[in-house]
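**Q** Quick one: the structure is below, and I'll ask about it shortly.
The values are calculated or read from the model by the stated rules, or taken from the named source; none is laboratory data. Only a predicted model underlies this, so the values are computations on that prediction, with no experimental measurement involved. Counting neighbours? That spans all protein chains shown, and the Cβs are built from the backbone with ideal geometry, glycine included.
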Amino acid sequence: MDRPLASPHEIRNTESLPRPSGFSHAVIAHEGRTVYLAGQTAQRADGTIVPGSMAEQFDLAAGNLVLALHAAGAQPQHLVSLQIFVTDIAEYQRLSKEIGVAYRRHFGHHYPAMALLEVSRLYDPAATVELMGIAVTA
């Protein structure tokens, strides 16, 4: 999924803020169904967390978020907001190229309003990254 996705939402970036890279300043979602996505980690169907680097965990967590989107009748381009929680922001920055590849594999070049937050730990101590989002479908 390395191509731009046609989003039904309006992306608004302002020159009054620094140019966004990998996110949008604001997203206007017009009428539709709002889908609130629970946090997804690199958890397999059996409940265990996939061991590996933060980039590998990001890849599976993103895939899990897309599965939840599909279960709700939505697609990645319907995302209007995405929050990324990590246990080590320096590690996220170090692996940003690999994480970017994983991001584009699941979400293409669609960049909703996003936040990256460092937390002391996630519910499962083996998890290093968790994704949570909001989507609006037509």
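**Q** Output the number of residues of region 53-83 satisfying the condition of being surrounded by fewer than 21 Cβ atoms within 10 Å (Cβ to Cβ), under 18 Å from TYR111 (Cβ atoms) and either in contact with a strand residue (DSSP E or B) (Cβ under 7 Å, 6 or more places away or on another chain) or of a type in the set (Ser, Thr, Tyr) (or both).
**A** 2
**Q** Related question: Scan region 60-111 for residues that are outside any helix (DSSP H, G or I) and charged (D, E, K, R) and report the count.
**A** So the answer is 1.
**Q** Quickly run through region 90-116 and pick out the residues that are more than 21 Å from PRO76 (Cα to Cα) and loosely packed, with under 15 Cβ neighbours inside 10 Å.
**A** ALA90, GLN93, ARG94, listed by residue number.
**Q** Can you name the condition, by its number, that SER7 falls short on among (1) at pLDDT 90 or above; (2) surrounded by 13 or more Cβ atoms within 10 Å (Cβ to Cβ)?
**A** Going through the list (1) at pLDDT 90 or above; (2) surrounded by 13 or more Cβ atoms within 10 Å (Cβ to Cβ), SER7 breaks only (1).
**Q** Filter region 27-52 down to residues that are of a type in the set (S, T, N, Q) and part of a loop (DSSP other than H, G, I, E, B) and give me whichever is surrounded by the most Cβ atoms within 10 Å (Cβ to Cβ).
**A** If we take residues in region 27-52 being of a type in the set (S, T, N, Q) and part of a loop (DSSP other than H, G, I, E, B), then THR41 is surrounded by the most Cβ atoms within 10 Å (Cβ to Cβ).
**Q** What is the one condition in (1) among the β-branched types (Val, Ile, Thr); (2) at pLDDT 75 or above; (3) under 15 Å from ALA113 (Cβ atoms); (4) in contact with a Phe, Trp or Tyr (Cβ under 9 Å, 6 or more places away or on another chain) that THR41 does not satisfy?
**A** Status for THR41: all satisfied but (3).
**Q** Considering only residues of region 12-57 that are touching a residue at least 24 places away in the same chain (Cβ under 8 Å) and in contact with a helix residue (DSSP H, G or I) (Cβ under 6 Å, 6 or more places away or on another chain), which is nearest to LYS97 (Cα to Cα)?
**A** Restricting to residues being touching a residue at least 24 places away in the same chain (Cβ under 8 Å) and in contact with a helix residue (DSSP H, G or I) (Cβ under 6 Å, 6 or more places away or on another chain), the top hit is ALA55.
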